[in-house]
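Taking it in order: structure first as structure tokens, then the write-up.
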Amino acid sequence: MSQYDQLITSSDPSHPANLICELCKLFYNNGWVTGTGGGISIRDGDKIYIAPSGVQKERMVPENMFVMDFTTTKYLRTPKVFKPSACTPLFMSAYTMRDAGACIHTHSQAAVLVSLLYEKEFKIANIEQIKAIPKVTEPGYLSFFDTLTIPIIENTAHEEDLTETLQQAIKNYPGTTAVIVRRHGIYVWGETVWKAKVYNEAIDYLLELAVKLKGFGIPPHIGVGEEKNYVDPKIYN
Ligand SMILES: [Zn+2]
């Protein structure tokens, strides 16, 4: 086997090249990545594994992976028939600015809907699932009584053109582990691939819940018990 293929060949299911395929399938089944939209990248020490552009997510195989050297940003492995993902500079922003171990990009409908219901930032409070989200600026996780805030940036015609505004949002929101892109989707990162996965799942749950709450006229960031001021009296109790 060539050194080139050794980078992506392993019988270990937790090898990044295998994990990316597994997660792409899972996220495809969740409706978060469809067709060729969305993407996943995992950092393993000095190596960055990136799913390519133009491959159907549920059919991804390890041989499709790009591998980049984190320090030099040179590709160590480039599959001939595929293009690198346009998300690559955005994934790199999470690695260089936040020391992330993985970054997930989905086109989740909940993220797109939320981006149309909020102007500059998404906010939700007093929901149990918030406890899965890290504080980032200090150790530990948000509590039930905390407010989760995620910045929203404007979309661009080409994915790579989002890099500057995504980096600005990461700077402006030191406590965030995600950025929503209006009419497009969301980027979520974490210290490890498993943490990124858990954060992405928890955040997507909260985005979907917020859309449903807004459908009932309940602002998702209000205090406990305040909902009765918003719910239509005809259906409350
Ligand atoms: Zn995208």
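Go through (1) within 19 Å of the chain's Cα centre (by Cα); (2) surrounded by 14 or more Cβ atoms within 10 Å (Cβ to Cβ); (3) closer than 15 Å to ALA111 by Cβ and name the single condition ALA132 misses.
Answer for ALA132: the failing condition is (3).
Inside segment 97-146, can you point out the residues that are hydroxyl-bearing (Ser, Thr, Tyr), more than 16 Å from the ligand (Cβ to nearest atom) and either within 17 Å of HIS221 (Cα to Cα) or in contact with a His (Cβ under 6 Å, 6 or more places away or on another chain) (or both)? Give the derivation first.
Going through segment 97-146, the residues hydroxyl-bearing (Ser, Thr, Tyr) turn out to be 106, 108, 115, 118, 137, 141, 143.
Remaining after also requiring more than 16 Å from the ligand (Cβ to nearest atom): 118, 137, 141, 143.
Within segment 97-146, TYR118, SER143 qualify.
Tell me, which residue of segment 74-96 that is in a helix (DSSP H, G or I) and either more than 14 Å from the ligand (Cβ to nearest atom) or of a type in the set (Gly, Ala, Ser) (or both) is surrounded by the fewest Cβ atoms within 10 Å (Cβ to Cβ)?
So the residue we want is THR96.
What about GLU227, is it without any contact (Cβ under 8 Å) to a residue 60 or more places away in the chain and either within 16 Å of the ligand (Cβ to nearest atom) or acidic (Asp, Glu) (or both)?
yes
Among the residues in segment 136-149, are any in contact with a helix residue (DSSP H, G or I) (Cβ under 9 Å, 6 or more places away or on another chain), under 18 Å from ILE40 (Cα atoms) and of a type in the set (Asp, Glu)?
No, there is no match, as no residue in segment 136-149 is in contact with a helix residue (DSSP H, G or I) (Cβ under 9 Å, 6 or more places away or on another chain), under 18 Å from ILE40 (Cα atoms) and of a type in the set (Asp, Glu).
Kindly indicate which of VAL193, VAL179 is more than 16 Å from the ligand (Cβ to nearest atom) and either in the same structural domain as ILE130 (by the TED database) or buried (at least 18 other Cβ atoms within 10 Å of the Cβ) (or both). Steps first, answer last, please.
Working: VAL179 fails: more than 16 Å from the ligand (Cβ to nearest atom).
VAL193 is the lone residue from the list that is more than 16 Å from the ligand (Cβ to nearest atom) and either in the same structural domain as ILE130 (by the TED database) or buried (at least 18 other Cβ atoms within 10 Å of the Cβ) (or both).
Considering only segment 40-50, I want to know if a residue exists there that is in contact (Cβ under 8 Å) with a residue 12 or more places away in the chain, more than 17 Å from ALA178 (Cβ to Cβ) and within 16 Å of the ligand (Cβ to nearest atom).
yes
The values are calculated or read from the model by the stated rules, or taken from the named source; none is laboratory data. For clarity, every value in this text was computed on a predicted model and none was experimentally measured. Backbone-built Cβ (ideal geometry, glycine too); neighbour counts: all protein chains shown.
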